[in-house]
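Visitor: Can you read through this structure? Questions will come right after.
The values are calculated or read from the model by the stated rules, or taken from the named source; none is laboratory data. As the structure is a prediction and not an experimental result, all values here were calculated from the model. All Cβ positions, even for glycine, are placed from backbone atoms using ideal geometry, and neighbour counts span all protein chains on display. Just the protein is used for accessible areas: all its heavy atoms, side chains included, with ligands, DNA and RNA removed. Shrake-Rupley method; radii C 1.70, N 1.55, O 1.52, S 1.80 Å.
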Amino acid sequence: MEFSTLVQFTRLVADSPTSESVSSLLAETVVQKCGALHALAFGTDASGDFKVLASHGNCKLELSLLDLNGVDSLTELRAAVMKVCGDRGYTFRALPMISNTGLFGALGVLHIEGEPLESKGWSLIKGLTELTAISLNKTYQHQQLRKAFEDLRASQDVLVRTEKFRALGQMSAGIAHDLKNLLNPLQLYTDHLRDVTDNREETLDTLDRMDRVLTRGLETVERLRNFSRLTPEESEAVPTNLNLMVHEAIEISRPKLSTNQVVLEPGDPPAVSLRPADCVTAIVNLIFNAVDATEGKGEIAVRTGTSEGGGWIEVEDKGPGIPAEVRARLLEPHVTTKGKQGTGLGVSIVYAFTQRHAGRLDIESEPGQGARFRMWFPAATP
């Protein structure tokens, strides 16, 4: 009977996701299987004081009158409970829930004075209390892991934002130059308009040209604004055309690419499931690395293609290549070939992006033979 109760309790606890539900199971089992008149399950708050998580049994206790403020020991807990019980003739016993030297709460058992529980009942209660402590410890560890994961994700978002701002800073001079080239003709067009106001057809044609100039300027600003915006973490991956992502990244990187020769070799990759804004950021990072490697003078090839049931994007430069000792640690944060000019975050962010979308990052490089970075992703499920 005792063994089967422990086995059944273990199974029920395994399906209970919260401390409250585990504590409720404990209190019910102690009353129903161990002969207790009433059971109270206590947890602990952030300050270490006890708090009621569950109550079950035949004692009509006014729990609202139970003052646990500053109560952090079993002796104080017993005194607080007996104060609520008054002179009803109850006896109270508290058992601590301890696992791995951590106190996760206590179990309080009430029975009628002069009618103690049998030793078998107390033995079963102790076993149930120990199982509950182990379960609460696992729940606590899970919460700590989840918090650590959330903190890590927040740190990753900060790194991505840092890299985006760094990229925008590097492009600022080129952006200003491009906008100046776009907007300069407007002054010429306005002067021309003054001369052709009597010619309706010529006026409309000039206005149309001005409209196209303004549209291109607005597209440039909007593209950069979208690039600087972080993708919300809750947004979902969607089937994405890799060729469109490459086109968008190249347009964003255009100011930085002014002195490089860009060779675009689009293939026919399948749609892959990812977050488009993050994909553009990753491609821009690889393009910027290629520009830095070639010192703004060499050829940079950007390709797409299909292999192994998925699609890929590849950026290759004709720079000096990556030394073997650096290549072995290239995916680690803050490892860079640029000295003080680099943050060492670009490649690690690209790698994290591929991992989040079930892909991989392949790196090929030999000293003196340039470098090739390929992001591969599985095809999106129809």
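Visitor: Test residue 105 against the criterion of being of a type in the set (Gly, Ala, Ser), touching a Leu at 6+ places or on another chain (Cβ under 9 Å) and open to solvent by less than 20 Å² (accessible area, probe 1.4 Å), and give yes or no. Working first, answer last.
Guide: On the way: of a type in the set (Gly, Ala, Ser): yes; touching a Leu at 6+ places or on another chain (Cβ under 9 Å): yes; open to solvent by less than 20 Å² (accessible area, probe 1.4 Å): yes.
For residue 105, the condition - of a type in the set (Gly, Ala, Ser), touching a Leu at 6+ places or on another chain (Cβ under 9 Å) and open to solvent by less than 20 Å² (accessible area, probe 1.4 Å) - is met.
Visitor: Only one of (1) in a strand (DSSP E or B); (2) over 30 Å from the mean Cα position of the chain (by Cα) fails for residue 325. Which number is that?
Guide: Just one mismatch for residue 325, condition (1).
Visitor: Looking only at the stretch 84-91, decide whether some residue is of a type in the set (Gly, Ala, Ser) and within 40 Å of the chain's Cα centre (by Cα).
Guide: Step one: filter the stretch 84-91 for residues of a type in the set (Gly, Ala, Ser), giving 86, 89.
Checking which are within 40 Å of the chain's Cα centre (by Cα) leaves us with none.
Within the stretch 84-91, none of the residues are of a type in the set (Gly, Ala, Ser) and within 40 Å of the chain's Cα centre (by Cα).
Visitor: Residue under question is residue 304, and the condition is that it be among the hydroxyl-bearing types (Ser, Thr, Tyr), over 27 Å from the mean Cα position of the chain (by Cα) and open to solvent by less than 20 Å² (accessible area, probe 1.4 Å); does it hold? Reasoning before the result, please.
Guide: Values: among the hydroxyl-bearing types (Ser, Thr, Tyr): yes; over 27 Å from the mean Cα position of the chain (by Cα): yes; open to solvent by less than 20 Å² (accessible area, probe 1.4 Å): yes.
For residue 304, the condition - among the hydroxyl-bearing types (Ser, Thr, Tyr), over 27 Å from the mean Cα position of the chain (by Cα) and open to solvent by less than 20 Å² (accessible area, probe 1.4 Å) - is met.
Visitor: Follow-up question, since we're still on this one. State whether the residues of the stretch 274-284 include one that is at pLDDT 90 or above and of a type outside the set (Val, Ile, Thr).
Guide: yes
Visitor: Of the residues 50, 9, only one is within 18 Å of residue 99 (Cα to Cα), of a type outside the set (A, V, I, L, M) and in contact with a Phe, Trp or Tyr (Cβ under 9 Å, 6 or more places away or on another chain); which?
Guide: Details: 9 fails: in contact with a Phe, Trp or Tyr (Cβ under 9 Å, 6 or more places away or on another chain).
Checking each option against the conditions leaves just 50.
Visitor: Testing residue 112 on (1) within 17 Å of residue 34 (Cα to Cα); (2) among the hydrophobic types (A, V, I, L, M, F, W, C); (3) buried (at least 17 other Cβ atoms within 10 Å of the Cβ), one condition comes back false. Which one is that?
Guide: Evaluating residue 112 over (1) within 17 Å of residue 34 (Cα to Cα); (2) among the hydrophobic types (A, V, I, L, M, F, W, C); (3) buried (at least 17 other Cβ atoms within 10 Å of the Cβ) leaves (3) as the failure.
Visitor: Of everything in the stretch 282-300, what is more than 15 Å from residue 377 (Cβ to Cβ) and touching a helix residue (DSSP H, G or I) at 6+ places or on another chain (Cβ under 9 Å)? Give them in sequence order. Don't jump to the end; show me each part of the working.
Guide: At the first step, the residues of the stretch 282-300 found to be more than 15 Å from residue 377 (Cβ to Cβ) are 284-285, 287-300.
Correct list: 284, 285, 287, 288, 289, 291, 292, 298, 300.
Visitor: While we're here: I'd like to check which strands (runs of 3 or more DSSP E) are fully inside the stretch 5-112 and have at least 1 residues that are within 18 Å of residue 128 (Cα to Cα) and in contact with an Asp or Glu (Cβ under 7 Å, 6 or more places away or on another chain). Show your work before the answer.
Guide: Numbers: elements: 38-44, 50-57, 90-99, 102-112.
It comes to 50-57.
Visitor: Condition first: at pLDDT below 90 and hydroxyl-bearing (Ser, Thr, Tyr). Now tell me which residues in the stretch 45-72 satisfy that.
Guide: 47, 64
Visitor: Can residue 138 be described as open to solvent by 90 Å² or more (accessible area, probe 1.4 Å), assigned to a helix (DSSP H, G or I), in contact with a strand residue (DSSP E or B) (Cβ under 9 Å, 6 or more places away or on another chain) and at pLDDT 85 or above?
Guide: On the way: open to solvent by 90 Å² or more (accessible area, probe 1.4 Å): yes; assigned to a helix (DSSP H, G or I): yes; in contact with a strand residue (DSSP E or B) (Cβ under 9 Å, 6 or more places away or on another chain): yes; at pLDDT 85 or above: no.
No, not satisfied.
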